[in-house]
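Worksheet for the structure shown next.
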Amino acid sequence: MPNSTAEFRRRLRDLRDDLPPNLDEGIHDVMEQGVFEMRQLLLSRGSIWTGRLYDSIRTHRGRTTRTGSKKITRHNLIAGGREYGAEHAPIVEFGSGVKSTASTPTFSFESPDNPPVQKIKAWLEAQPSVVTPAPNALVFSVVRSIERFGTESQPFFRPIARKVMSNARDRAESELEEEIENF
């Protein structure tokens, strides 16, 4: 325990200055674990076709702000994106059309009125039970089904993101408790 008010203030300032780097690395570790778990979830479902969605799952260290004499970095967990060829991430996560679980449309072809015909054809041709080239009747049958019924959601991001947030909070509390015990 500190012997004086000045000592207490110095140690409190040291605690404030030392804690963010510990938290920064700890939270980054938790985020990387989230990336691993999302990828494992996709693998366990057999949801890997091109690998683009799998490869698009990543962490990103975002904007850095200052608090006291230290910097704190914002950490982001990201999936999908045009640069990865994984624009379909929201459709996998939320489904499409009448089967969508999204409260508001957040992506370009969530409308079942506009399924991507060429991508559906390529997907069909990759299936072991479909002859190549896929017959147009089969392709348009799938397209009509999506137009009529939409696609089921297969959440991979939200369940893991919730877990990551909980783990990050637990990690921050643990780091803080450890720093206070050593105070």
Task: Filter pass, Arg169 being closer than 24 Å to Ala86 by Cα and outside any loop (DSSP other than H, G, I, E, B) - done: no
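Can you say whether Lys121 is surrounded by 12 or more Cβ atoms within 10 Å (Cβ to Cβ), in the same structural domain as Met38 (by TED's automatic domain parsing) and modelled with pLDDT of 85 or more, as far as the supplied structure shows? Write out each step before concluding.
Working: surrounded by 12 or more Cβ atoms within 10 Å (Cβ to Cβ): yes; in the same structural domain as Met38 (by TED's automatic domain parsing): no; modelled with pLDDT of 85 or more: yes.
Spelling it out, it is not the case that Lys121 is surrounded by 12 or more Cβ atoms within 10 Å (Cβ to Cβ), in the same structural domain as Met38 (by TED's automatic domain parsing) and modelled with pLDDT of 85 or more.
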- [ ] Specify the residue that is surrounded by the fewest Cβ atoms within 10 Å (Cβ to Cβ); the eligible residues are those in the range 124-146 that are at pLDDT below 85 and in contact with a Leu (Cβ under 8 Å, 6 or more places away or on another chain).
- [x] Val130
Task: Total residues in the range 117-143, condition among the hydroxyl-bearing types (Ser, Thr, Tyr) and in contact (Cβ under 8 Å) with a residue 24 or more places away in the chain - done: 0
Task: Looking only at the range 38-53, and only at residues there that are within 14 Å of Ile160 (Cα to Cα) and surrounded by 15 or more Cβ atoms within 10 Å (Cβ to Cβ), the one that is nearest to the chain's Cα centre (by Cα) - done: Met38
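The values are calculated or read from the model by the stated rules, or taken from the named source; none is laboratory data. No experiment lies behind these values; they were computed from the predicted model shown. Every residue, glycine among them, receives a Cβ derived from its backbone with ideal geometry; neighbour counts consider all protein chains shown.
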